[in-house]
1. Please report the relative contact order for the range 132-285, taking Cα pairs under 8 Å with a sequence separation of at least 6, and give it as a percent rounded to a whole number.
2. In whole Hz, what ³J(HN,Hα) sequence does the range 143-150 give by Karplus (6.51, -1.76, 1.60; θ = phi - 60°), x for Gly and Pro?
3. Send over the semi-axes of the range 54-210's equivalent ellipsoid, whole angstrom and largest first, taken as the square roots of 5 times the C-alpha gyration tensor eigenvalues.
4. For helix 105-115, what angle does its Cα long axis make with the longest principal axis of the chain, in degrees from 0 to 90 and rounded to 10?
5. If each Cα of the chain is one equal point scatterer, what is log10 of I(q)/I(0) from the Debye formula at q = 0.10 Å⁻¹?
6. What is the Cα coordinate range of the range 132-285 on the first, second and third principal axes, sorted by size from largest, in whole angstrom?
7. Could you run the Karplus curve 6.51 cos²θ - 1.76 cosθ + 1.60 with θ = phi - 60° over the range 294-299 and give me ³J(HN,Hα) per residue in whole Hz, x for Gly and Pro?
8. May I ask you to evaluate 6.51 cos²θ - 1.76 cosθ + 1.60, the Karplus curve with θ = phi - 60°, for each residue of the range 168-184 and list the ³J(HN,Hα) values in order in whole Hz, giving x for glycine and proline?
Amino acid sequence: MKICLFDAVRKFTQDLVNHWEKNGHTVVIDRYLDPGKVAWSDVTFFEFCDLSVQRGSDSGDHFYKEYPYSTDKNIIVRAHDIDLWVGHYRGVNWNWVNHLVFVGPYMHDHFLPMMNLPSSVKVHMIPHGINLEKFTYREKSVGNKIAWVGNINHAKNLELALQVLAENPEYELHVVGSGLGSWEEQYVSEFVKRNGLKFFHTPVVDDINQFLEDKDFVLLTSSKEAFSFIVGEGMSKGIKPLIHNFMGAEMIWPKEYIWNKVSEVGPMLKDEYNSLKYRQYIEEKYPLAKMLKEYDEIINNK
């Protein structure tokens with residue numbers, strides 16, 4: 001089978017690509033829509049419900065002067081979160097699409113009623129699967145190193161992580177993420193200095209598994225997520241998560257690891273620590289094999 005994948009981020013699709021190629025499918029990847037690749041493929045997979053889907057579904061788009069508008073393909077759109085919040089779905093001709101996949105139940109429940117999909121679109125809720133082979137499991141005892149990972153932007157809310165650290169200054173906060181601009185970097189520097197905090201920042205690491213090796217907690221301070229990969233990755237290694245109650249968090253992660261107020265984090269840092277419990281949750285709830293099987297069913301059923 002010939003599969004074309006349009007993915008401008010390349011953050012969540014590598015396990016899918018590896019699996020499809022291992023099973024003998026031919027996969028070509030591009031960042032943005034290429035109608036030539038749509039015409040070539042049997043299956044077209046859009047990683048986000050974005051402008052590429054809008055253009056691809058528009059039979060009047062100038063791209064189709066060179067290539068025929070394809071109506072006989074298996075078209076799959078996977079929606080995450082920001083692509084839904086900005087409303088790109090409103091510009092999609094959904095009659096062109098065969099499958100719509102949500103990765104988070106809150107996104108599914110909140111946006112599906114607004115989308116006015118034709119009955120021909122098959123809707124799926126498939127959470128991300130975690131590749132446990134990428135993350136070495138370690139039994140841990142409680143330590144003082146907190147990991148925070150993500151692009152540094154308003155939604156990820158690094159400022160809230162600093163507030164958590166300020167309330168628990170005996171801990172270290174180890175941040176991996178790019179996007180800390182000039183004035184933001186100065187603010188962080190002065191906040192850390194004024195409050196005598198243990199703060200360490202690295203824009204990028206080559207191996208997230210290695211970065212997490214000596215960490216004791218994964219802190220999530222986002223105000224919105226569809227799933228939160230870093231929580232799953234940390235739990236795979238036996239690391240306790242500390243999850244801000246973003247919209248839909250309790251539909252994905254255990255309530256006992258979710259906090260609403262900064263004052264709730266301190267007790268969570270100090271209470272029960274059970275590495276095996278964290279790992280087993282991922283094994284049971286988000287195994288990669290289950291996710292891959294569900295996508296195999298989609299690509300084989302137009």
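1. Details: 253 pairs, mean separation 44.0, N = 154.
Rounded, it is 29 percent for the range 132-285.
2. In residue order, the calculated couplings are x, 10, 9, 10, 9, 9, 10, x Hz.
3. Numbers: eigenvalues 358, 76, 49 Å².
Over the Cα atoms of the range 54-210, the semi-axes work out to 42, 19, 16 Å.
4. Taking Cα atoms only, the helix is inclined about 40 degrees.
5. With one equal scatterer per Cα and no solvent, log10 I(q)/I(0) is -0.61.
6. 43, 33, 29
7. Couplings: 5, 6, 4, 5, 5, 5 Hz.
8. My calculation for the range 168-184 gives 9, x, 6, 9, 9, 10, 10, 9, 10, x, 9, x, 7, x, 4, 6, 5 Hz in order.
Coordinate-derived values only; no laboratory data. Being a predicted model, the structure only gives us computed values, none of them experimental. All Cβ positions, glycine included, derive from the backbone under ideal geometry; neighbour counts span all protein chains shown.
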